[in-house]
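Once you've had a glance at the structure underneath, I'll fire off some questions.
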Amino acid sequence: MQTLITDVTLVLESGCVREGYVVCDQGRISDFGSGPVPEGPFDQVIRGDGGYAAPGFVDIHVHGGAGAEFIDGTREGFLKALRVHLAGGTTTIVPTLSSGSLSQILSAIDVFNELKAEEKELEGIPRLAGIHMEGPYFAWEQAGAQDPEYIHPPREEEYLAILDSTDHICRWSVACELEGALEFGKFLAGRGIGVSIGHSDATTRQVMEAVSWGYSSVTHLYSGCSMVHRNGPFREGGVVEGAFLLDTLDVEMIADGAHLPRELLSLIYKIKGPEHIALVTDCIRCGGENFPDGTVLLYNRERNLNVTIRNGVAVMPGGKSFAGSLATTSSLVRTMVFTVGVPLHQAVVMASLTPARLIGMDKEIGSIEIGKRADLVLLDRELQVKSIFLGGKLADNMDSRRL
């Protein structure tokens, strides 16, 4: 099937190109450019009405949405969350499993394995790239919204059981300073799994050592991260300073406009650059909705724990930490462009190409290039999602809400 998308501004890795077009053939991008469009015949012609054509977004840290979380371990919940994120422009997704009991984690993995096996037959969901394990090997002091009942140092019998249950784990967030965490990082990296420093109280020196053991990124920078502090009369850097010091260390950034203020988003962007920043939603079960301030919602089913919505973000009881965002990826792009002032093409790199590289898929997705998969998002001039293409095929379950 050949599809022509025309009357768009192309959002390329190098910049935006007006009066653009894209040709999709057999699920791949076969041509793109500006000016006169190629002659057909085409099976389908889509006009972008002067909006933008960008590569589909890649979310490598997302817990759920639309009332469900992946850790719930239900097929229905998985599909509900996946669909709401497709509507928000995410065409490739890495479902994230937070700290929980081993049986709970294994049940969720079973559902992922089932859906992955059926992926070619499923419609209206993002492509499943793999699983991100966020925990349970974290520092108590940086637990944030992670369930403290399940937080502990790496346990071989536990992580081997998890790894034996699936071939699809592609990322694992770990507090690198814990006993056994360096060896665990080396073990994961040796299996081709990306290892990220997360919910960690490490010093900068410990971060530097962790990198030599296979750690390659930092999970949601500033959130659940130690910073410069005093050790007696002396100052020690933390995870944040380590991320800034090490040029090759990639970072996640929750650009929902709440987790980090504009000034910190600008600082991370200035120091790390778009090639080392992956925009992530860290979206939880109440994501993809517009709740008024003060709304109380269920957060943790097992512990019957609620969160409160304040200024468009979920806040834990006591108000001292966030519980994850309500965002979809398109809203992160809008924050970076309209609030921070980042050029659109660089915001899109952070939402597509960089996260694709972090999961080893940048040769396949993440930018508009000939031969890459024709996973595309059409945006209007306000950067709201208009249409989604998966393998050159128009997705047919687009949510009507502005995500």
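The values are calculated or read from the model by the stated rules, or taken from the named source; none is laboratory data. This structure is a prediction, so every number in the text was calculated from the model and none was measured. Note: ideal-geometry Cβ built from the backbone for every residue, glycine included; neighbour counts use all protein chains shown. Just the protein is used for accessible areas: all its heavy atoms, side chains included, with ligands, DNA and RNA removed. Shrake-Rupley method; radii C 1.70, N 1.55, O 1.52, S 1.80 Å.
How large is the helix-only mean residue ellipticity at 222 nm for the chain, computed as the sum of -39500 (n - 2.57) over DSSP H runs with n ≥ 4, divided by its residue count, in deg cm²/dmol to the nearest 500?
On the way: 10 runs with 95 residues, N = 403.
It lands at -7000 deg cm²/dmol.
What is the dipole size for segment 113-181, taken about its Cα centre, with +1 at each Lys and Arg Cβ and -1 at each Asp and Glu Cβ, in debye to the nearest 20? Don't skip to the end; give the middle numbers.
Values: 5 positive and 16 negative charges, 57 e Å.
For this selection, approximately 280 debye.
Right, next: Given Cα pairs under 8 Å that are at least 6 residues apart, what percent is the relative contact order of segment 104-187?
On the way: 78 pairs, mean separation 30.1, N = 84.
Worked out over segment 104-187, it gives 36 percent.
Give the carbon-plus-sulfur fraction of the accessible surface of the chain in %, rounded to a whole number; probe 1.4 Å, heavy atoms of protein chains only.
On the way: 7850 of 16260 Å².
Carbon plus sulfur share of accessible area: 48 percent.
Next up: Where does each of 212-223, 103-114 land if you order them by average Cβ count within 10 Å, highest first? Walk me through the numbers on the way to the answer.
Details: 212-223: 22.3, 103-114: 17.8.
Top of the packing list down: 212-223, 103-114.
Express the accessible area of segment 11-81 per residue in Å², computed with a 1.4 Å probe while the remaining protein chains stay in the model.
Values: 3090 Å² over 71 residues.
Here the per-residue accessible area is 43 Å².
Which of Arg155, Arg230, Arg381 moves the most in a Gaussian network model of the chain with Cα springs under 10 Å?
Per the Cα network of the chain with a 10 Å cutoff, Arg230 tops the list.
Further question: Could you work out the local net charge near Leu102, counting Lys and Arg as +1, Asp and Glu as -1, over the other residues with Cβ closer than 11 Å to its Cβ? Provide the component values of the computation, followed by the final result.
On the way: positive: Arg155; negative: Glu157, Glu158.
Charge balance near Leu102 sits at -1.
Note the direction-averaged projected area, equal to a quarter of the hull surface, for the Cα convex hull of segment 213-294, in nm². Kindly include the intermediate steps, with their values, before the conclusion.
Numbers: hull surface 31.7 nm².
Computed as one quarter of the Cα hull surface, the answer is 7.9 nm².
For Lys393, list the lysines whose Cα falls under 27 Å from its own Cα; do not include residues on the same chain fewer than 8 positions away.
Of all the lysines, those that pass the test against Lys393 - Cα under 27 Å, at least 8 places apart if same chain - are Lys80, Lys116, Lys120, Lys363, Lys372.
OK, next. Sorted from largest to smallest, which semi-axis lengths in Å does the alpha carbon gyration tensor of segment 54-142 give for its equivalent ellipsoid, taking the root of 5 times each eigenvalue?
Values: eigenvalues 96, 47, 24 Å².
Ellipsoid half-lengths, sorted descending, are 22, 15, 11 Å.
Could you work out the percent of alpha carbon pairs in segment 205-356 separated by over 20 Å, rounded to a whole number?
Working: 6053 of 11476 pairs.
Summing the P(r) of segment 205-356 above 20 Å gives 53 percent of all pairs.
Then there is this: State, to one decimal in nm², a quarter of the convex hull surface area for the C-alpha atoms of segment 189-233, i.e. the direction-averaged projected area. Write down the numbers at each step before the final one.
Numbers: hull surface 13.7 nm².
Orientation-averaged projected area of the Cα hull: 3.4 nm².
Any idea what the dipole of the chain comes to, in debye rounded to 20, about its Cα centre with Lys/Arg Cβ at +1 and Asp/Glu Cβ at -1? Let's see the in-between values first.
Numbers: 34 positive and 52 negative charges, 167 e Å.
That gives a dipole near 800 debye.
List, in order, the whole-Hz ³J(HN,Hα) value for each residue of segment 257-268 obtained from phi through the Karplus relation with A = 6.51, B = -1.76, C = 1.60 and θ = phi - 60°; use x for Gly and Pro.
Using θ = phi - 60°, the values come out as x, 10, 4, 10, x, 3, 5, 6, 4, 5, 5, 4 Hz.
Another question, then. For segment 146-171 and segment 176-254, compute the distance between their C-alpha centroids and round to whole Å.
So the separation of the two Cα centres works out to 19 Å.
If you wrap a convex hull around the C-alpha atoms of the chain and split its volume per residue, what is the figure in Å³? Could the numbers behind the result be given before it?
On the way: hull volume 51.7 nm³, N = 403.
Output value, Cα hull per residue: 128 Å³.
Amide H neighbours of Ile131 under 5 Å, counting only residues 5+ apart in sequence or on other chains, H built in-plane at 1.01 Å?
Ile169, Cys170, Arg171
How much accessible area per residue does segment 320-403 have, counting only protein heavy atoms and a probe of 1.4 Å, in square angstrom? Intermediate results must be reported in sequence, preceding the final value.
Details: 3190 Å² over 84 residues.
Per-residue accessible area for segment 320-403 comes out at 38 Å².
Can I ask one more? So what is the accessible area of segment 217-268 per residue, in Å², with the probe set to 1.4 Å?
On the way: 2200 Å² over 52 residues.
Result: 42 Å² per residue.
On to the next question. Could you identify which residue out of Cys286, Cys16, Cys225 has the top mean-square fluctuation in a GNM of the chain using Cα springs shorter than 10 Å?
Cys16
Label Arg235 and Phe291 with points 7 Å out from Cα along Cα→Cβ: what is the distance between them in nm?
So the two model labels end up 3.9 nm from each other.
According to the Cα gyration tensor, what semi-axes, each the square root of 5 times an eigenvalue, does the equivalent ellipsoid of segment 288-374 have, listed from largest to smallest in whole Å? Could you put the intermediate results ahead of the total?
Numbers: eigenvalues 219, 55, 21 Å².
The answer is 33, 17, 10 Å, longest axis first.
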